[in-house]
Amino acid sequence: MNLMTRLAAALALTLAASGAHAANVLVVLSDENHLDLKDGKVLSTGFYLNELMQPVKLLLDAGHEVTFATPQGRAPTVDASSVTPAYFGNDAAQLTLHKDLLEKLALTSPTASPVVSLARVEQQGYARFDAVYIPGGHAPMQDLLKSPALGRLLADFHKRNKTTALVCHGPIALLSTLPDAAGFVAKLDAGAMPATPKWIYSGYQMTVISNQEEEQAKPLLGGGEMKFYPQTALVRAGARFSSNAPWTGHVVVDRELITGQNPASALEVGQRLVERLK
């Protein structure tokens, strides 16, 4: 019996006694541990610790089941630069708490990770999931934004008005639902501006890490430069972009979408997600 099964079993009696409904939330992460930059440079990255674990802890504490998936079913990678108290309100105890939970889940373990592939999720049926959550870190910029499997999943959730929550670089994954996501991204990669396509999220108000924040975060790229910024891409696709002051929390809710602007928004995104599941 794996840890997630044990957690679910331990909570079952409490949930049954209270009459609460345990939802099943799908958390989608990138398979990638890097982002290709301009001029052949490469950034080592992955998911941000707080962006994944703050919402996941809230979900587990509320008694919900969490299923983890990546496009290929490989164990995801935590961005080492995110393992710092700075992303937890400079609270070292909170960092330790969430880091320990990640280790208990064995999510990043090459041999023991509970992660499944999106193909497996599709085989099991999207109907078994009540919501989806996609955290940030730069890794989603490498694969999630053009994953056909993720595009099918998100389109199904959109059609059924199921809660779809994303934070920081995570909202770039919404591009996967474009009719030709790969072609759209290829043009952005080449420095061209693609035509505005038909998009299921066209006209939605949403947020994502802003161009201003990306400019301020350039030193984290080790002298490299991103091929394009998420804000530019989502606006080109048809999003109505909303932002707050750099590095302050900002969450936007529009229909089924819950989006957070930056790492400081992750906790509120998790809170909004848990509230929706009530």
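The values are calculated or read from the model by the stated rules, or taken from the named source; none is laboratory data. Computed from a predicted model, the values in this text were never measured in an experiment. Note: ideal-geometry Cβ built from the backbone for every residue, glycine included; neighbour counts use all protein chains shown. Heavy atoms of the whole protein, side chains included, go into the accessibility calculation; ligands, DNA and RNA do not. Shrake-Rupley method; radii C 1.70, N 1.55, O 1.52, S 1.80 Å.
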Pick from the stretch 25-75, criterion of a type in the set (A, V, I, L, M, F, W, C) and over 19 Å from VAL115 (Cβ atoms), ranking: surrounded by the most Cβ atoms within 10 Å (Cβ to Cβ): LEU35
How about the stretch 230-262: which of its residues are open to solvent by less than 10 Å² (accessible area, probe 1.4 Å) and part of a helix (DSSP H, G or I)? PRO230, ALA233, LEU234, ALA237
Considering the stretch 134-178, residues that are in a helix (DSSP H, G or I) and among the small types (Gly, Ala, Ser), and then whichever is farthest from PRO76 (Cα to Cα), we arrive at ALA155
Checked against (1) farther than 25 Å from ALA22 by Cα; (2) open to solvent by less than 20 Å² (accessible area, probe 1.4 Å); (3) part of a helix (DSSP H, G or I), LEU102 satisfies every condition except (1)
Residue within the stretch 201-221 that is of a type in the set (A, V, I, L, M, F, W, C), part of a helix (DSSP H, G or I) and within 21 Å of GLY137 (Cα to Cα) present: yes
Single condition GLU214 does not satisfy, out of (1) closer than 27 Å to ALA131 by Cα; (2) buried (at least 18 other Cβ atoms within 10 Å of the Cβ): (1)
